[in-house]
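Nothing in this text is a laboratory measurement; each read-out follows from the coordinates by a stated rule. Every value quoted in this text rests on a predicted model; they were computed, and no experiment measured them. Virtual Cβ from ideal backbone geometry, glycine too; neighbours counted across all protein chains shown.
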Amino acid sequence: MQDHLLRDKAPIPVTAWKAIDDEARERLTPLLAGRRLADWGGAAGWETSSVPLGRSTRLAGPPPGVDSAGARARLRRVQPLAEFRVPFTVSRDEIDDLERGSQDPEFDDLARAAREAAEIENRAMFHGWPDALIEGVVASSPYDAFSLGEDTDRYPAVVACAVDALRRNGIEGPYALAVAPEGFTRIAETAEHGGYPLFDHLTRILGGQILRAPGLEGALVLSQRGGDFVLDVGQDLAIGYSDHDADTVSLYLEESFTFRVTEPDAAVVLR
């Protein structure tokens, strides 16, 4: 159920809604690097407020006033979901042109909102979100960070050392490299001595993928065996309606989610 998004109240015909949704999906998919590295906990719905952790905390006893010498009590532990909205606008002229058959809509503000929303999710997963009780992968990793630097000649050796650290601690592969956008560009543009692409060399060391990760500082080598990182989503990213005037329609991207590191040993930080 997505009634709270109030999409039916927006002065946007079906054709234009489809174009807006398609544009948002096209923009978001390559940016959401974090969820490509984690297990998907499922979209439980907007009304979902928390996920169970399977753990409990001992209480001092039953409620005050209960006379029981043998009763034992525990409090079930849960992790709450955080929610966020990123507002954007769409021109009513653009909506009208879509109804006329325009095939090249201009959704610049939607593109900006998609980048911001993706960075919020990625940043929470990689670096945490203390106010939302999310501890990211970087803070959870128990290993000393490796220094990656800007000298691409060192990258294969550093990544190989990170993979070896995971293997020595019983963390199986395949492994992935998540890297900040500037580092990803550096890797993609570099050919080693002899002309062999650095990207291909690193992929062979990892046995897995290399991902451009907006919102990440530095890089991470992570196991992709599964079960180590979980993204729990209430409502997946969706577009809702706020209000409108004669010229623009005000919309927003919205999501509710939390993130859990279930095996801290499964990631190595590269500075």
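List of remarks:
- Kirkwood-Stokes translational diffusion coefficient of segment 164-271, alpha-carbon pairs, 10 °C, 1.306 mPa s, µm²/s: 96
- Relative contact order computed over segment 157-271 (Cα-Cα under 8 Å; 6+ residues apart), in percent: 30
- For GluC sites (Glu not before Pro), the sites in segment 193-271 that DSSP calls loop and that have at most 15 other Cβ atoms within 10 Å are Glu217.
- Maximal additional length on extending the Ser147-Arg25 stretch stands at 40.4 nm, based on 0.36 nm per residue less the C-alpha distance.
- The base-10 log of I(q)/I(0) for segment 134-193, evaluated at q = 0.23 Å⁻¹, reads -1.14 [Debye formula, identical scatterers on Cα atoms, solvent excluded].
- Förster radius 45 Å - calculated FRET efficiency between Ser102 and Glu263, Cβ distance, rounded to 0.05: 0.40
- Interchain or long-range residues, amide H under 5 Å from Leu251's placed H: Phe88, Thr89, Val90, Ser242
- Dipole axis of the chain (+1 Lys, Arg; -1 Asp, Glu on Cβ), positive-most option in Gln209, Ser250, Pro105: Gln209
- Close amide H contacts of Ala191 (hydrogens built in the peptide plane, cut-off under 5 Å, sequence separation of 5 or more or a different chain): Leu198.
- Look at the alpha carbon pairs under 8 Å that are at least 6 residues apart: their mean separation over the length of the chain gives a relative contact order of 30 percent.
- Here the simple spin-label model places points 7 Å from the Cα toward Cβ, and for Glu192 and Asp245 these points are separated by 5.8 nm.
- Dipole in debye (nearest 20) - segment 47-167, about Cα centre, beta carbon charges: Lys, Arg +1; Asp, Glu -1: 1440
- Sites matching GluC sites (Glu not before Pro) across segment 157-190 that sit in DSSP coil, with at most 15 neighbouring C-beta atoms within 10 Å: Glu172
- With 5 Å bins from 0: P(r) over the chain, alpha-carbon pairs, percent: 1, 5, 11, 14, 13, 12, 11, 10, 8, 6, 4, 2, 1, 1, 0, 0, 0
- Per DSSP, loop GluC sites (Glu not before Pro) in segment 1-80 with at most 16 further Cβ within 10 Å: Glu47
- Working from Cα pairs under 8 Å separated by at least six residues, relative contact order for segment 58-192 is 13 percent.
- Note that segment 203-218 has calculated 3J(HN,Hα) couplings of 4, 5, 5, 6, x, x, 8, 10, 10, 6, 10, x, x, 8, 9, x Hz, one per residue in order, obtained from phi through the Karplus relation 6.51 cos²θ - 1.76 cosθ + 1.60 (θ = phi - 60°); glycine and proline are x.
- Hypothetical label at Arg204: residues of segment 169-184 whose amide nitrogen lies under 13 Å (7 Å Cα-Cβ projection): none
- Residues listed by number, segment 70-84, amide nitrogen under 18 Å from Arg58 label point at 7 Å toward C-beta: 70-77
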